[in-house]
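Chemist: Can you read through this structure? Questions will come right after.
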Amino acid sequence: MSKQQPVLFHIGWNACINCGACVAICPQEAGFVSPFDTIAVDRPCDIACLLCEQICPVDTITHERVGIPVASNGVNGQ
Amino acid sequence: MPPVDYDVVIIGAGPAGSTTARFAATAGLKVLLVDKRQELGAPIQCSGAISRHALEQVGITPDEEFIHEAIYGFAIYDETGNRAVHDYRSLKPEEYGSEAGKRPLGYVVDRRRFDRYLMTQAERAGAEVWLKTEGLGYTPQADGLCTVRLLRYNQEITLRTRVVVGADGLQSQVGRWAGLQTHIKITELAGCLQFIVDGVETEGLLEIVTGHEWAPGGYAWVFPKGHGYAEIGLGVIATMTDQPARWHLDKFMTQSFFRDRFANSRILEVQGGGVPLAAPLRTQFADNLILVGDAARHVNPITGGGLHTAVAGGKIAADFLSGHLADQLPLQAGALEAYQRLWLSELGDKMWKLYGIKTDIFHNMNIPERNRQLYLTMADYFSPTSEFKKI
């Protein structure tokens, strides 16, 4: 796994087709998902491999770098 | 054995889960089938093609309730539009056709109706089904059984069961609960997009378009969808292009040799998904747990087809479980590897062979040569003499 700075994903819901490809490619453990069957967008990803952005058929996943590692309660670490 | 709430709890009521549930309930097991969705089959992530043989093999009667259109053969195109046609109406005219007494080769199904139909058959066989119910986790117990935690309409429920079956698709969380290596490589997951369209003629054939120009790492397709509609889609491998599938689909529709054919198409639905062009999971079992269908990556690595392998795998899983549980055999410490061995011998070994063929093609860095190999392999794969005809 890469030792990247954590990222917080943003999904453009207008283009999202709920295909699930981002979750399928995601190397995170169980539970790194949103209620809309996408990757989680409410907490940082500390792997930051960005494979979900690469696989998205409609190119609707972006991210911002965040400085603080994942909080244990699962909330955005900013 | 200590008492349980259910012999088997199946997470996910797609074709694999519902087929497992139907055969397990028919064999007399107490089965609970859960799905987190309110409507099965949706959002659709599948083109819906399945052979008649695959349906009949698992006792599914082709029914108008779920069939969009009958299929009679295949047309495989190279990058420039030359095609090889395997139309069973002319290859075996006494057997295949739309006339009375003749039969189709396969069908394109409506996944919403198909999945609901299979769930209904499972219920009628005696399985209990809970919709709006999500699996949260499971814990093997010292007495050899396990507990599974569910969330049903926001209410958390813990049940005791002998075996949990993960049938929760490519995004499977159940496999991750058990710590199985479910991660798929970016080079082996095709990002797919398809449009249901009006205004595109089809001829009862599944049309497969090969060529790096149109679908790098995958292929494009045009399938009949009933009522005069068609399905146009493609899958691409992200590492072989800088563009998303949507860009490639636009290009295929506006610049390929089919641009005139597609010129008056009107888009009725947009669907997409990840399709594994990969090997099956190397480990599909854990303590008190097995995986079926997409969750176990039971997907044809050449075609990306997963319906036949899902229902066939569901029957294998149910047959295995009914025998294993009836004999009161252990469920932990590797005992369920017997399921994987059975699956490999009935289906998986052939899929591994297909994976080898597919890998050889895409490891070729010479694009014209790779195009040629993919076209010839696809044309051969769908031919009546193919050794893989029944996958």
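Chemist: Would you mind computing, in nm to one decimal, how far apart the modelled labels at B:Leu344 and B:Asp250 are, each placed 7 Å from Cα along Cα→Cβ?
Modeler: It is 4.6 nm.
Chemist: Would you tell me the mean number of C-beta atoms belonging to other protein chains that fall within 10 Å of each C-beta in B:31-43, as a whole number?
Modeler: Per residue, the average neighbour count from other chains is 1.
Chemist: Of all the accessible heavy-atom surface of segment B:239-339, with the other protein chains kept in place and a 1.4 Å probe, what percent is carbon and sulfur?
Modeler: Here it works out to 45 percent.
Chemist: If each residue of separation counts as 0.36 nm, what is the full-extension length gain between B:Ile186 and B:Ala335 once their alpha-carbon separation is subtracted?
Modeler: 50.4 nm
Chemist: Shifting gears a bit: Can you give the direction-averaged projected area of the convex hull of the alpha-carbon atoms in segment B:19-90, in nm²?
Modeler: Here the figure is 7.8 nm², rounded to one decimal.
Chemist: Work out the mean other chain Cβ neighbour count within 10 Å for the residues of B:283-290 and drop it here as an integer.
Modeler: 0
Chemist: Treat the protein assembly as shown as a sphere of radius equal to its Kirkwood radius over Cα pairs and apply Stokes-Einstein at 25 °C in a medium of 0.890 mPa s; give the translational diffusion coefficient in µm²/s, rounded to a whole number.
Modeler: 108 µm²/s
Chemist: Next up: D for segment B:122-196, whole µm²/s, Stokes-Einstein with Kirkwood Rh over alpha-carbon pairs at 25 °C and 0.890 mPa s: what number?
Modeler: The estimated diffusion coefficient comes to 164 µm²/s.
Chemist: Looking at chain B, I'd like the Rg to Rh ratio, where Rg is from alpha-carbon atoms and Rh is Kirkwood's inverse mean 1/r.
Modeler: Over the Cα atoms of chain B, Rg/Rh equals 0.98.
Chemist: Quick one: Debye curve from the alpha-carbon atoms of segment B:227-374 only, equal weights, vacuum; give me log10 I(q)/I(0) at q = 0.14, 0.18 Å⁻¹ to two decimals.
Modeler: Here the Debye-derived log intensity ratios amount to -0.83, -1.09.
Chemist: How long are the three semi-axes of the equivalent ellipsoid for segment B:93-141, computed from the Cα gyration tensor as the root of 5 times each eigenvalue, in whole Å, largest first?
Modeler: Semi-axes from the Cα gyration tensor: 38, 12, 12 Å.
Chemist: Sum up the charges of everything whose Cβ sits under 13 Å from the Cβ of B:Gly81, counting Lys and Arg as +1 and Asp and Glu as -1, but leave B:Gly81 out.
Modeler: Net charge in that neighbourhood comes out at -2.
Chemist: Tell me, rounded to the nearest percent, the portion of alpha carbon pairs in segment A:1-71 spaced more than 19 Å apart.
Modeler: 24 percent
Chemist: Let me ask another. List the accessible area buried at the contact between B and A, summed over both sides and calculated with a 1.4 Å probe, in Å² to the nearest 100.
Modeler: Chains B and A together bury approximately 1900 Å².
Chemist: Something else: At each listed q (0.17 Å⁻¹), what is the log10 of I(q)/I(0) that the Debye formula gives for segment B:164-235 modelled as equal alpha-carbon point scatterers?
Modeler: Debye curve over Cα of segment B:164-235, log10 I(q)/I(0) at q = 0.17 Å⁻¹: -0.77.
Chemist: Using Cα centres only, tell me the gap between segment B:331-391 and segment B:127-152 in whole Å.
Modeler: 33 Å
Chemist: Okay, next question. Compute the relative contact order of chain B as a whole-number percentage, counting only Cα pairs closer than 8 Å that sit 6 or more residues apart in sequence.
Modeler: Relative contact order comes out at 21 percent.
Chemist: Across chain B, how many lysine pairs, 8 or more apart or on two chains, come within less than 22 Å at their alpha-carbon atoms?
Modeler: 24
Chemist: Oh, and also: Of all GluC sites (Glu not before Pro) in segment B:63-163, which ones are in loop regions per DSSP and have a Cβ with at most 16 other Cβ atoms within 10 Å?
Modeler: Here the GluC sites (Glu not before Pro) that fit, given the DSSP loop and packing criteria, are B:Glu64, B:Glu65, B:Glu94, B:Glu95, B:Glu99.
Chemist: Let me ask something else about it. Output the residues of segment B:179-200 meeting this criterion: accessible area (heavy atoms, 1.4 Å probe) in the chain alone minus accessible area with all protein chains in place is 50 Å² or greater.
Modeler: Those are B:His183, B:Ile186, B:Leu189, which lose 50 Å² or more relative to the chain on its own.
Chemist: Moving on to the next point. Provide the per residue accessible area, probe 1.4 Å, for chain B, rounded to a whole number of square angstrom.
Modeler: Result: 40 Å² per residue.
Chemist: Compute the accessible area per residue over segment A:1-71, keeping the other protein chains in place, probe 1.4 Å, unit Å².
Modeler: Ligands and nucleic acids excluded, the result is 47 Å² per residue.
Chemist: Contact order normalised by length for segment B:198-277, with contacts defined as Cα pairs under 8 Å and 6 or more residues apart; what percent is it?
Modeler: That works out to 29 percent.
Chemist: What's the longest bit of chain B with no exposed trypsin sites (Lys or Arg not before Pro), using DSSP loop states and at most 15 other Cβ atoms within 10 Å as the test?
Modeler: B:283-388
Chemist: Taking every DSSP beta bridge with both residues inside the protein assembly as shown, roughly what % is antiparallel (nearest 5)?
Modeler: 75 percent
The values are calculated or read from the model by the stated rules, or taken from the named source; none is laboratory data. Everything numeric in this text was worked out from a predicted model, so none of it was measured. We place every Cβ from the backbone using ideal geometry, glycine too, and count neighbours over all the protein chains shown. These area figures cover heavy atoms from the full protein model, side chains too; ligands, DNA and RNA do not enter into them. Shrake-Rupley method; radii C 1.70, N 1.55, O 1.52, S 1.80 Å.
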